Ligand code: 13P
């Protein structure tokens, strides 16, 4: 991380975990553990039905509660979807878009990721845009090409001004939920490639200001090494964001 240029952000992605009661209990447990750790922003992205309980429990702290997805239309016949207008009406500022599980299991493409990103930004939200290569792509040596393409397509027609509200989460798909982690060198290299693409799209000043997180089995043991890398500006954390002590240790590593 390079705190002189950009904000470090440690975000939990709860995925399909925690009922409202469980979220309340978790936030109450984690709140004192991360209090006063001002060198990073702390966010938990929650299932829609859990957001209100998490927000209520987080009151009086610096913890922010986000969503895990958003639709690109304002309203209409999209059964099961939720719009950016609905989220902002509920006081939700952050949203994850393009997570690999959405791409893998729910048919999300770079095109729909781009539409969702533009809709969320237009509604004034802050986006955590996820991208990353699958195992075969890394083994075939095309990681840089894949993340470059995703960065360009997912951010198509997003303005330099709007980039102030975009966080990118580099998540190698082979490292998600597998216990496998990119080495700090791999994470640094690929986050650097993403920043180079941002430089080509928006210029160096904008690119240097964008927070790029690493995600993929970041935990209490490997966080410090990963976060020590200059282009790794935080983490998007799955499993370890469900255990207060583990999450606290990651926030500590970011101080
Ligand atoms: P894990 O930390 O469980 O590997 O999940 C990472 C992730 O998908 C965060 O979005």
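What follows is calculated from the coordinates using simple rules that are stated; it is not laboratory data. Please read these numbers as outputs of a predicted model, since none were measured by experiment. All Cβ positions, glycine included, derive from the backbone under ideal geometry; neighbour counts span all protein chains shown.
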Full-extension gain between residue 134 and residue 152, please, as 0.36 nm times their residue separation minus the C-alpha to C-alpha distance.
4.7 nm
If you wrap a convex hull around the C-alpha atoms of segment 141-255 and split its volume per residue, what is the figure in Å³?
102 Å³
Return the calculated 222 nm mean residue ellipticity for the chain, to the nearest 500 deg cm²/dmol, obtained by summing -39500 (n - 2.57) across DSSP H runs with n ≥ 4 and dividing by the residue count.
-12500 deg cm²/dmol
Full extension between residue 106 and residue 142 adds, at 0.36 nm per residue less the Cα distance, a length in nm of 10.6 nm
Scaled radius of gyration (Cα, divided by 2.2 N^0.38 Å) that segment 160-224 gives:
1.20
Sort 94-103, 239-248 by packing, meaning the average of other beta carbons within 10 Å per residue, with the highest value first.
94-103, 239-248
Rg/Rg_ref, segment 1-72, where Rg_ref = 2.2 N^0.38 Å and atoms are Cα
1.14
Please report Rg (one decimal) and Dmax (integer) in Å for the Cα set of segment 92-191.
13.5, 39
FRET efficiency for residue 208 and residue 77, Cβ-Cβ distance as r, R0 = 35 Å, nearest 0.05?
0.25
Let's test this: bin the Cα-Cα distances of segment 45-112 at 10 Å from zero up to the farthest pair and state each bin's percent.
19, 49, 26, 6
I need the calculated FRET efficiency for the pair residue 228 and residue 16, taking r as the beta carbon distance and R₀ as 30 Å, to the nearest 0.05.
0.40
Express in % the proportion of alpha carbon pairs of the chain at distances exceeding 25 Å.
38 percent
